[in-house]
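A short write-up of the structure that comes next.
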Amino acid sequence: MCTSFIYRGEDTIIGMNFDNNGMNYAIDTKNPKWFTVLVDGGRGKYPSFGVDSSGRFFNSLVVDSNGKGLYRRPSKKVTHTTKLITDIINEVISPENLGEYLANIEVVNTPDWSCHNMICDANANVWVVEPGRGNINNTVNDSPFFVMTNFSLWDHLHENVESNCPRYQEVSNELSNVEELDINKAFNILNSVSQRNEEWVTTFSLVYSKKAHTVYYCFHGNFSEISEYKFPI
């Protein structure tokens, strides 16, 4: 599965491990404002996670279904997780106004999938959208960081369901104890929760620094070989 976090310190730092079970994926920088990773889940390549030049971030992570939030055709009152992300990339929806948008529309899953989305605006405010459950808002003043993996945060926060994900606990503990996060420390945290010998294997990892205006990334858990993508100014 996957691990992601937003760190709100002297620098806004975003970390993401993409844990893959063999799906094809590709980096897309055709839109110069966005560094996006497309994943083919069986219906073609669609945006799975990415960050833009202002620090807006999104992802779509697998989560257990509760039997609700199943796919329905998009309408004026319904959208699905992939369309939500695509509309953010295409600037149809502004993450800074996402609360107003979510108050007026229901987000459901795509066919055959159960996912939740973490969406971060340019000011490091976070929304988590969980189809069939609810939407969570965590602002920059609420906490110094925010972590999401593959269990329901709605159930954890609102239904008193204990976290069963050691990666969530590990990253939360490490971010709680760090004095000030930097790029190297962020990759060390991602390395500590990378998966290597299971069905889901860490095949792509990224760290974004708002101060540096740069995405740093590596492939296949090789944290000693880091590439860079600097957004054009």
With a 1.4 Å probe and every protein chain kept in, tell me what percent of the accessible surface of the range 61-121 is carbon plus sulfur.
49
Using label points projected 7 Å from each Cα along Cα→Cβ, tell me how many nm separate ASN173 and ASN90, to one decimal.
4.4
State the extension gain, in nm to one decimal, for the chain segment bounded by ASN21 and ILE105, taking 0.36 nm per residue of separation less the distance between their alpha-carbons.
27.1 nm
Per the 1/(1 + (r/R0)^6) rule, R0 = 30 Å and r from the Cβ atoms of ASN97 and ASN197, FRET efficiency to 0.05 is 0.10
For ASN31 and GLU228 in the same chain, what is the full-extension length gain: residue separation times 0.36 nm, less their Cα-Cα distance, in nm?
69.3 nm
Hey, for a label at GLU159 modelled as a point 7 Å past Cα toward Cβ, could you say which residues of the range 118-150 have their backbone N under 11 Å away?
132-134
Using a 10 Å cut-off on Cβ atoms, rank the peptides 33-44, 221-232 from the highest mean neighbour count down.
33-44, 221-232
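Show me the GluC sites (Glu not before Pro) within the range 37-106 that DSSP assigns to loop and that have at most 11 other Cβ atoms within 10 Å of their Cβ. The partial results should precede the final answer.
Values: sites: GLU91, GLU96, GLU100, GLU106; in loops: GLU91.
Filter output for the range 37-106: GLU91.
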On average, how much accessible surface per residue is there in the range 65-202, in Å², for a 1.4 Å probe, leaving out ligands, DNA and RNA?
51
Which entries of LYS45/LYS210; LYS185/LYS210; LYS45/LYS68; LYS210/LYS230 show an alpha-carbon separation above 18 angstrom in the structure shown?
LYS45/LYS210; LYS45/LYS68
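The values are calculated or read from the model by the stated rules, or taken from the named source; none is laboratory data. Keep in mind it's a predicted model, so treat the numbers as computed, not measured. Neighbour counts are summed over all protein chains in view; Cβ atoms, including those assigned to glycine, are modelled from backbone coordinates with ideal geometry. Just the protein is used for accessible areas: all its heavy atoms, side chains included, with ligands, DNA and RNA removed. Shrake-Rupley method; radii C 1.70, N 1.55, O 1.52, S 1.80 Å.
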